[in-house]
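**Q** The structure's right below; bear with me while I get my questions together.
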Amino acid sequence: MPELESSFSNVVVTEPQGVVLDNKTPALICKDVGKVYPNGTKALEETDLVLNKGDFLTIVGPSGCGKSTFLRLIAGLLTPTSGTIETPGLPETKGNMGFVFQDAHLLPWRTAQRNVELLLEVVGTPKAERAQIAVETLEKVGLKGFEKAYPRELSGGMRMRVSLARTLVLRPPFFLMDEPFAAVDEMTRHTLNEDFLRLQNSEGFSTIFVTHSVSEAVFLSNRVVVMTCRPGRFMKEVSIPFSRNRSNELRSTPEFAEICGAVSKYLWEGA
Ligand SMILES: Nc1ncnc2c1ncn2[C@@H]1O[C@H](COP(=O)(O)OP(=O)(O)OP(=O)(O)O)[C@@H](O)[C@H]1O
Ligand SMILES: [Mg+2]
């Protein structure tokens, strides 16, 4: 059985935390980050967020509320209209973010191993080292023995594992994940959730995750932020009190159901 924090009583919901630097180590500081697209669409209200090292923060919110926009701003794929994004302790932001999308985006003519080697090729890692890192990383994501398989020979869940491995090889301090497990069936998604959590615990990266699944958000995160409709705004933050060492049994506990209920309630309020 998963360990529940002994102090668990009620669901802890707060206003968005804003920029409060407590005694934890901040990995990412967003101050007043807003986005108006060139066509005039205001996609994101001025937003504050501090992500601490090792945080698993999940954003849930209605379709079109600006979740992907926020991730793309953090990744440096979009420029904010207002505000600043800092990554204390990192030399530069771009390239330090591992961005994982809903689609695995694998190159169909390359084997799993050669797909995983792709970014190592880009940064100039020597061939033998590349191969070794790729094989080791495929093992970490549970794909030992599938190094020579082509994407068409893999299931959707396995393709997503290759995509994770391809990002993992660069050892990014952040994972930015935009509905990465939305296209797989529920059983596969649960297994991917457990395995990704284990990876985060062992590799020590921080994650910002976007999903439409409340139970996925609660299962994975230590913090869940609920956004409102356009222009997107952080409405509430729900603290998830479970230990980081979670397994799928957690999903059938009353405490898990209670927190999912609270997140759903705020989600509907903001829609
Ligand atoms: N390149 C763009 N140009 C203009 N408007 C855009 C652009 N990209 C997104 N938008 C608009 O910005 C708003 C936020 O979009 P975004 O993709 O961030 O939402 P989302 O929360 O990720 O939605 P979903 O849950 O459906 O993925 C939407 O109204 C969308 O139409
Ligand atoms: Mg989106």
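**Q** Being farther than 16 Å from Met235 by Cα and either within 12 Å of ligand 1 (Cβ to nearest atom) or at pLDDT 90 or above (or both) is the requirement here; does Thr87 meet it?
**A** no
**Q** Hey, can you tell me all the residues within region 134-155 that are under 22 Å from Trp109 (Cα atoms) and in contact (Cβ under 8 Å) with a residue 40 or more places away in the chain?
**A** If the condition is that a residue be under 22 Å from Trp109 (Cα atoms) and in contact (Cβ under 8 Å) with a residue 40 or more places away in the chain, then Val141, Gly142, Tyr150, Pro151, Arg152, Leu154 are the ones that fit.
**Q** While we're here: Out of Val36, Val100, Val60, I need the residue that is in contact with a strand residue (DSSP E or B) (Cβ under 9 Å, 6 or more places away or on another chain), modelled with pLDDT of 95 or more and within 16 Å of ligand 2 (Cβ to nearest atom). Which one?
**A** The match here is Val60.
**Q** Counting just the residues of region 157-183 that are small (Gly, Ala, Ser) and surrounded by fewer than 21 Cβ atoms within 10 Å (Cβ to Cβ), which one comes out nearest to ligand 2 (Cβ to nearest atom)?
**A** Of everything passing the filter in region 157-183, Ala182 is nearest to ligand 2 (Cβ to nearest atom).
**Q** Confirm whether Val225 is of a type in the set (A, V, I, L, M, F, W, C) and free of Cβ contacts under 8 Å to residues at least 60 places away in the same chain.
**A** So Val225 does not fit the description; no.
**Q** Right, another one. Please pick out the residue among Ala104, Ala131 that is aliphatic (A, V, I, L, M), in contact with an Asp or Glu (Cβ under 8 Å, 6 or more places away or on another chain) and without any contact (Cβ under 8 Å) to a residue 60 or more places away in the chain. So that I can check it myself, show each step before the final result.
**A** Numbers: Ala104 fails: in contact with an Asp or Glu (Cβ under 8 Å, 6 or more places away or on another chain).
Only one candidate qualifies: Ala131.
**Q** While we're here: Restricting to region 21-70, name every residue that is near ligand 1 (Cβ under 9 Å from one of its atoms), part of a loop (DSSP other than H, G, I, E, B) and in contact with a helix residue (DSSP H, G or I) (Cβ under 9 Å, 6 or more places away or on another chain).
**A** Across region 21-70, the qualifying residues are Tyr37, Gly61, Pro62, Cys65.
**Q** OK, next. So is Leu138 crowded, with 21+ Cβ neighbours inside 10 Å and at pLDDT 95 or above or not?
**A** The answer is yes for Leu138.
**Q** Can you pull out every residue in region 141-156 that is outside any loop (DSSP other than H, G, I, E, B) and surrounded by 19 or more Cβ atoms within 10 Å (Cβ to Cβ)?
**A** Pro151
The values are calculated or read from the model by the stated rules, or taken from the named source; none is laboratory data. As the structure is a prediction and not an experimental result, all values here were calculated from the model. Backbone-built Cβ (ideal geometry, glycine too); neighbour counts: all protein chains shown.
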